[in-house]
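Asker: My questions will all concern the structure given below.
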Amino acid sequence: MARAAFKPGAIDPAIAKSFADRWRRKLFDGWQPQEREHIYVPLQGRVREQRSFQAYSPVEMVTHALSHAQGREVIATLHPNELYSDADLDALKATGVRLEHGQMQRFLPGAAVVVTHASSAPFNGYFSGKPTILYGRIDFHHIALDVHTLGVAVAFEQSQSHTPDFDRYLFWFWQRRLINAGHPTAEERIRAAMARAGWTLT
């Protein structure tokens with residue numbers, strides 16, 4: 001998936017919109033649209049370390065968001081399933097960022113941009129047209145602004161007007177690239193995928 005090329009021109013926009021709208025209703029019914037007022041930074045663990053897939057450490061990512069906020073509040077959220085040491089929390093608090101716990105449904109709707117390493121929050125944000133700045137290498141990177149490639153300053157600058165074709169991407173990612181286990185073609189597609197990998201079917 002990460003190496004696949006996203007080609008929006010090969011996807012019917014009406015079909016993509018119908019698909020994305022159906023999933024919006026299913027997944028996000030009841031979410032209230034809000035003004036895009038803040039920068040949303042969902043975190044994972046080990047916030048003081050820069051790991052192999054990361055352009056910068058999470059703490060550095062937070063400081064970048066703060067320095068490029070242009071008057072917007074920056075809200076960093078701790079992952080509910082991670083354990084943070086006192087040193088981790090002190091490092092985050094020292095940046096001056098507003099620090100919260102989880103609550104994606106609360107903070108994503110009002111985000112002007114999502115900034116993260118490998119959170120699933122940006123993919124959810126695609127359903128409401130949220131631009132994403134990625135500091136980590138993940139599989140749904142194709143329409144995000146990648147700090148590894150663009151650098152910090154350019155990624156934040158482009159985020160102000162970044163409007164990729166979200167609906168076509170969602171359709172391509174979920175319907176074209178993944179296998180829907182509940183779809184009538186699921187078994188056929190699983191067998192085809194195994195055959196492409198060279199596995200012998202019995």
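The values are calculated or read from the model by the stated rules, or taken from the named source; none is laboratory data. Owing to the predicted nature of the structure, the values given are computational and were not obtained by experimental measurement. Cβ: placed from backbone, ideal geometry, glycine included. Neighbour counts: every protein chain shown. These area figures cover heavy atoms from the full protein model, side chains too; ligands, DNA and RNA do not enter into them. Shrake-Rupley method; radii C 1.70, N 1.55, O 1.52, S 1.80 Å.
Asker: Angle, helix 13-28 long axis vs. longest principal axis of the chain, Cα atoms, 0 to 90°, nearest 10?
Answerer: Between the helix axis and the principal axis of the chain, the angle is about 60 degrees.
Asker: Counting alpha carbon pairs within less than 8 Å and at least 6 residues apart, what relative contact order, in whole percent, applies to the chain? Please report the intermediate quantities before stating the final value.
Answerer: Details: 289 pairs, mean separation 48.3, N = 202.
Reported relative contact order: 24 percent.
Asker: For the chain, what log10 I(q)/I(0) values come out of the Debye formula at q = 0.08, 0.11, 0.16 1/Å, with one point per alpha carbon and no solvent?
Answerer: So the normalised log intensities work out to -0.31, -0.57, -1.07.
Asker: Please report the relative contact order for the stretch 3-88, taking Cα pairs under 8 Å with a sequence separation of at least 6, and give it as a percent rounded to a whole number.
Answerer: Value for the stretch 3-88: 32 percent.
Asker: Rolling a 1.4 Å sphere over the protein heavy atoms, what is the accessible area per residue of the chain, to the nearest Å²? If you can, show how the numbers build up before the last one.
Answerer: On the way: 11180 Å² over 202 residues.
Per-residue value: 55 Å².
Asker: How are the Cα pair distances of the stretch 68-113 distributed, in percent, across 10 Å bins from 0?
Answerer: Reading the bins upward from 0: 22, 53, 24, 1.
Asker: Could you tell me which of 19, 42, 126 has its Cα farthest along the dipole of the chain towards the positive end, charges placed at Cβ (Lys, Arg +1; Asp, Glu -1), taken about the Cα centre?
Answerer: Toward the positive end, the furthest listed residue is 19.
Asker: At a 1.4 Å probe, what is the % contribution of carbon and sulfur to the accessible area of the chain?
Answerer: It is 49 percent, rounded to a whole number.
Asker: Among the lysines in the chain, how many pairs, 8 or more places apart or on different chains, have alpha carbons under 23 Å apart?
Answerer: So the count of such lysine pairs works out to 5.
Asker: Write down the Kirkwood hydrodynamic radius of the stretch 91-179, to one decimal in angstroms, obtained as one divided by the mean of 1/r over all alpha carbon pairs.
Answerer: Over the stretch 91-179, the inverse of the mean reciprocal pair distance is 14.0 Å.
Asker: Would you tally the net charge around residue 162, using a Cβ to Cβ cut-off of less than 13 Å, leaving residue 162 out, and scoring K and R as +1, D and E as -1?
Answerer: Working: positive: 36, 130; negative: 146, 157, 165.
Summing Lys and Arg as +1 and Asp and Glu as -1 gives -1.
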